Amino acid sequence: MPIFRHNSLWILETAASGYAFGLNPAGLLAHAYWGPRLPFPSDYPLPPNPAPWASFNGAGQLTPEEYATYAGPKYTDPSILLTLPDGVRDLVLTYEDEQIVPSPQPELHLHFRDAHYPVKLTLHYRLYEDCDLIERWVTLSNQGPEPLIISRLFSALWNLPPGDNYRLTHLTGRWLDEMHLRRDQLTHGIKTIESRRLTSSHHHAPWFAVDDGRATEDHGQVWFGGLAWSGNWKLAAEVTDFQSTRLNIGLNDWDFAWTLPPGESFTTPAAFAGITLAGFGAASRLLHDHIRDHILPHGKTLHKVLYNSWEATLFDVDEPSQTRLAEVAADMGIELFVMDDGWFHGRKDDHAGLGDWWPDEKKFPAGLAPLIERVNALGMDFGLWIEPEMVNPDSDLYRAHPDWVIHFPNRERSECRNQLILNFARPDVQEVVFSRIDKLLTDHNIVFIKWDMNRNVSEPGWPGAPGDQREIWVRYVQGLYAVWGRLAERHPRVIWQSCSGGGGRGDLGILRLADQIWVSDNTAATSRLAIQEGFSHIFPANVMEAWVTDAGKELIPLEFRFHVSMCGSLGIGGHLLHWSEADRALAAALIAQYKEIRPIIQFGDQYRLRSAQETACPAVLYLNKEKTEGVLFAFRILMQYPSTTPRLHLQGLIPNRQYQIEGFEQPRSGAAWMADGLQIDLNDLQSTLRRIKAVPS
Ligand code: DGJ
């Protein structure tokens, strides 16, 4: 049984990791161990029970609490902050009982209540044994007769083994420039990364990795995790003065308050975390498997090669223009034709139309049906772009319901890209948006939807809110999940893509609804290599939608652009009518090749052999799970002359198995390809794709 009790400990074991905590003699739930799985239950240390440090720090200050309350003389960052009905603002937890649920995923629920007040707190744990991951969340219940106020309720506190010399790896960026890997030494105090933008954001991903400063891509102990939430979130990594490093993660408490009425509960989103002894690459592969096996709605479905109209026709979509593109796309072997922005009522440019989700009468006089039928007749599926959370002031929806947007009264409503945000916390808004999109999907043969969101929030008000307006941060996301979830349930064959001006909403929360993420609006292949690499720290290749576009075409060869996009879920976004016959023929050949190798890329294990964020010659390898077939991509961007392409060392092969690599005459053992490596010489802006096959034994 992966969850069991031993002495005063609860021990949680996955395939390779162990996690232990227990009630110490002082009655605090203290974290005891998180590392490689140990052979015997008696190997796990007892919950720590430190003495106070003089009169200035109580025992709680020195105890690595499993979930830190604010109570007594302790000043570490708490995981929960409440105001009880009589103004008391601390929480003194006493343990009540446990509940262990063996399947489908083993779960542990620990129930606590306050020593005096009718408040109940449950800590939840769920194990994903195969992926070495633990999921944690918290439920707070008000069992008293009066409301209480929550001002912070994080999902988990992750304690690292005693020490104050850790390094935090995280991903930062901005629109067009997402997913840069940063590594910061954690020093005494609190390092915070967060989103205050109503989405998980382009700026920081709700993800972390921590190591002792010595881990590399393929070596060393790494603790990693994140939050499955698509709104405001916060990670606070604290180093105390008592050699303790801990990470609180959960809903952002900035500008947050939640009134919890009598008899009601509040459940946080799930945090997840795991460990590996094999470096950052292994951490990513565990997450990739977790996402594919346990999170995605269609995690076992191979993604089709799609065409997207955006960069070709922008808002100028109409039946003839899209039909012409579709005909060329079908000839090249594309399987899914997606019409992007511009198709709906009044949408001439980005000043009008959002909210009015029916076909524009001038552009599509007979509706969308003729185009969809033509696309289907060409042998392709049809997909569509929508941005359901938004409204332009120039729209019928806004004219009818100007009060439906997020705003503060008596303040200007800041427009970004000429649009305002519908308040998805409101049930009436949810209902109207649901029924408009539901009708669209019911009336048409649409099997793919790109769900976009092109601005961040401002003036985050909710006039007329039933409770505290600051609940909007959470209720909005709950409303989004509810609308999207209902649509997904009613239209189960639709594959959804999450987009927010590129990678503004990539997180494990949205992946319960969307199978794909549009990584960035930056489609220049050379920039994209670095963005894709950052993205791969969290997400597997099948989630990563990657188009071949015309960006940089003067310099970057078409084959290079294809190879970059073939590292994910391949799409094409260039203006096909402007492509030469030779380019179309090359594209068709590469699309055919991608179809052969995509199971390895989309479902295999990814090895970042050389970093695009750190070097000019990045390389990435995908191996199938059996390690019998692989695909190697190597790129050279721009290097100073004179220079040679550095030698590549493969990873993940079976050492004593022979492998044949395209372009090399002699098969060699996996050990040789990994230890001695191989030389592939490339010129600037040249790339190569090499298939790898195990020699039949
Ligand atoms: C932002 C997206 O990231 C683009 O791909 C495109 O869909 C535009 N929005 C359309 O407005």
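The values are calculated or read from the model by the stated rules, or taken from the named source; none is laboratory data. From a predicted model like this one, the values you see are computed outputs, not experimental measurements. Every residue, glycine among them, receives a Cβ derived from its backbone with ideal geometry; neighbour counts consider all protein chains shown. Side chains are part of the model used for accessible areas, which takes the heavy atoms of the whole protein and leaves out ligands, DNA and RNA. Shrake-Rupley method; radii C 1.70, N 1.55, O 1.52, S 1.80 Å.
Could you tell me how many of the residues in the stretch 551-591 are small (G, A, S) and either open to solvent by 10 Å² or more (accessible area, probe 1.4 Å) or assigned to a strand (DSSP E or B) (or both)?
Of the residues in the stretch 551-591, 9 are small (G, A, S) and either open to solvent by 10 Å² or more (accessible area, probe 1.4 Å) or assigned to a strand (DSSP E or B) (or both).
Tell me yes or no: at least one residue of the stretch 51-72 is under 30 Å from P147 (Cα atoms), open to solvent by 30 Å² or more (accessible area, probe 1.4 Å) and in a loop (DSSP other than H, G, I, E, B).
Yes; the residues of the stretch 51-72 include at least one that is under 30 Å from P147 (Cα atoms), open to solvent by 30 Å² or more (accessible area, probe 1.4 Å) and in a loop (DSSP other than H, G, I, E, B).
Taking the stretch 302-316, which residues are more than 8 Å from the ligand (Cβ to nearest atom) and under 18 Å from E335 (Cβ atoms)?
Residues satisfying the conditions are L302, H303, K304, V305, L306, Y307, S309, A312.
State the number of residues belonging to the stretch 174-200 that are within 20 Å of A270 (Cα to Cα) and open to solvent by less than 10 Å² (accessible area, probe 1.4 Å).
The total comes to 5.
Of the residues in the stretch 88-104, how many are in a loop (DSSP other than H, G, I, E, B) and open to solvent by 30 Å² or more (accessible area, probe 1.4 Å)?
7
Tell me, yes or no, whether the stretch 621-639 has at least one residue that is surrounded by fewer than 20 Cβ atoms within 10 Å (Cβ to Cβ) and touching a Ser or Thr at 6+ places or on another chain (Cβ under 9 Å).
Taking every residue of the stretch 621-639 in turn, at least one turns out to be surrounded by fewer than 20 Cβ atoms within 10 Å (Cβ to Cβ) and touching a Ser or Thr at 6+ places or on another chain (Cβ under 9 Å).
Please determine whether any residue of the stretch 655-676 is assigned to a loop (DSSP other than H, G, I, E, B), closer than 28 Å to R182 by Cβ and either among the polar types (S, T, N, Q) or in contact with a strand residue (DSSP E or B) (Cβ under 6 Å, 6 or more places away or on another chain) (or both).
Checking the stretch 655-676: not a single residue is assigned to a loop (DSSP other than H, G, I, E, B), closer than 28 Å to R182 by Cβ and either among the polar types (S, T, N, Q) or in contact with a strand residue (DSSP E or B) (Cβ under 6 Å, 6 or more places away or on another chain) (or both).
Return the only residue of G485, G509 being away from the ligand (no atom under 16 Å from the Cβ), at pLDDT 95 or above and surrounded by fewer than 20 Cβ atoms within 10 Å (Cβ to Cβ).
G485
Inside the stretch 592-604, can you point out the residues that are open to solvent by 20 Å² or more (accessible area, probe 1.4 Å) and either aliphatic (A, V, I, L, M) or in a strand (DSSP E or B) (or both)?
A592
Condition test on A524, is it within 16 Å of the ligand (Cβ to nearest atom), free of Cβ contacts under 8 Å to residues at least 40 places away in the same chain and of a type in the set (G, A, S)?
yes
Quick one: is P39 surrounded by fewer than 19 Cβ atoms within 10 Å (Cβ to Cβ) and either modelled with pLDDT of 95 or more or of a type in the set (K, R) (or both)?
Considered against the rule, which asks whether it is surrounded by fewer than 19 Cβ atoms within 10 Å (Cβ to Cβ) and either modelled with pLDDT of 95 or more or of a type in the set (K, R) (or both), P39 comes out as yes.
If we scan the stretch 66-74, do we find a residue that is within 26 Å of L140 (Cβ to Cβ) and polar (S, T, N, Q)?
Taking every residue of the stretch 66-74 in turn, at least one turns out to be within 26 Å of L140 (Cβ to Cβ) and polar (S, T, N, Q).
Only one of (1) closer than 22 Å to A278 by Cα; (2) open to solvent by 20 Å² or more (accessible area, probe 1.4 Å); (3) part of a loop (DSSP other than H, G, I, E, B) fails for G163. Which number is that?
Exception for G163: condition (2).
For the stretch 241-277: of the residues being open to solvent by 40 Å² or more (accessible area, probe 1.4 Å) and of a type in the set (G, A, S), which is nearest to T63 (Cα to Cα)?
S265
All but one of (1) open to solvent by 10 Å² or more (accessible area, probe 1.4 Å); (2) within 30 Å of E459 (Cα to Cα); (3) touching a strand residue (DSSP E or B) at 6+ places or on another chain (Cβ under 7 Å) hold for W223; which doesn't?
Condition not satisfied by W223: (2).
Tell me which residues, restricted to the stretch 305-325, are touching a residue at least 40 places away in the same chain (Cβ under 8 Å) and open to solvent by 30 Å² or more (accessible area, probe 1.4 Å).
W310, E311, D318, E319, R324 - these are the residues of the stretch 305-325 that are touching a residue at least 40 places away in the same chain (Cβ under 8 Å) and open to solvent by 30 Å² or more (accessible area, probe 1.4 Å).
If a residue has to be open to solvent by less than 10 Å² (accessible area, probe 1.4 Å) and within 13 Å of the ligand (Cβ to nearest atom) to count, how many in the stretch 453-465 make the cut?
Residues in the stretch 453-465 being open to solvent by less than 10 Å² (accessible area, probe 1.4 Å) and within 13 Å of the ligand (Cβ to nearest atom): 1 in total.
Quick check, is S141 in a strand (DSSP E or B) and within 30 Å of R455 (Cβ to Cβ)?
no
For the stretch 326-337, what are the residues that are surrounded by fewer than 24 Cβ atoms within 10 Å (Cβ to Cβ), assigned to a helix (DSSP H, G or I) and in contact (Cβ under 8 Å) with a residue 60 or more places away in the chain?
V328, D331, M332
Determine the pairs where a residue that is of a type outside the set (S, T, N, Q), located within the stretch 468-481, has a partner that is assigned to a helix (DSSP H, G or I) with Cβ atoms under 9 Å apart, the partner being 6 or more residues away or on another chain.
Cβ pairs passing all conditions: G479/P427; G479/V429; G479/Q430; L480/Q430; L480/I510; Y481/I510; Y481/R512.
I'd like to verify a number: residues in the stretch 397-456 that are in contact with a helix residue (DSSP H, G or I) (Cβ under 8 Å, 6 or more places away or on another chain) and of a type in the set (K, R), how many?
Matching residues across the stretch 397-456 total 1.
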